[in-house]
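Data first, discussion second: the structure below is written as structure tokens.
The values are calculated or read from the model by the stated rules, or taken from the named source; none is laboratory data. What you see is a predicted model; the values in this text were computed from it and never measured. Positions of Cβ are generated from backbone atoms using ideal geometry, with glycine treated the same way; all protein chains shown enter the neighbour counts.
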Amino acid sequence: MIVFTVSYLAAGILMLTAAGCDPVVSIAGADFPGWLLCAAGAAMLAALCRPLLLAAGLERDLRPLPLFYGGLIAMFSLIGWVIFFSRA
């Protein structure tokens, strides 16, 4: 019971902090947070990497696949965030 309470609390805190994030990108009059665009682009890049990994015969060695592709999406997303939205 305590585990569920802590997980719901953590999810709520994550949603509240993500809701107030900057920068916001306007596309066709709709405002999207920058991290959402980075995540969508990263998912597309990961989908483009899959045929390359299959052709090279590397995908059979990358187990578990959901964990690998999730990490690949996270990596591409963070790289995109640093390149496009870093304020350094």
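Filtering Ala55, Ala18, Ala47, Ala11 for residues that are modelled with pLDDT of 90 or more and surrounded by 10 or more Cβ atoms within 10 Å (Cβ to Cβ) leaves a single hit, Ala47. Regarding Ser86, is this residue at negative phi, among the hydroxyl-bearing types (Ser, Thr, Tyr) and either surrounded by 10 or more Cβ atoms within 10 Å (Cβ to Cβ) or at pLDDT 90 or above (or both)? The answer is no for Ser86.
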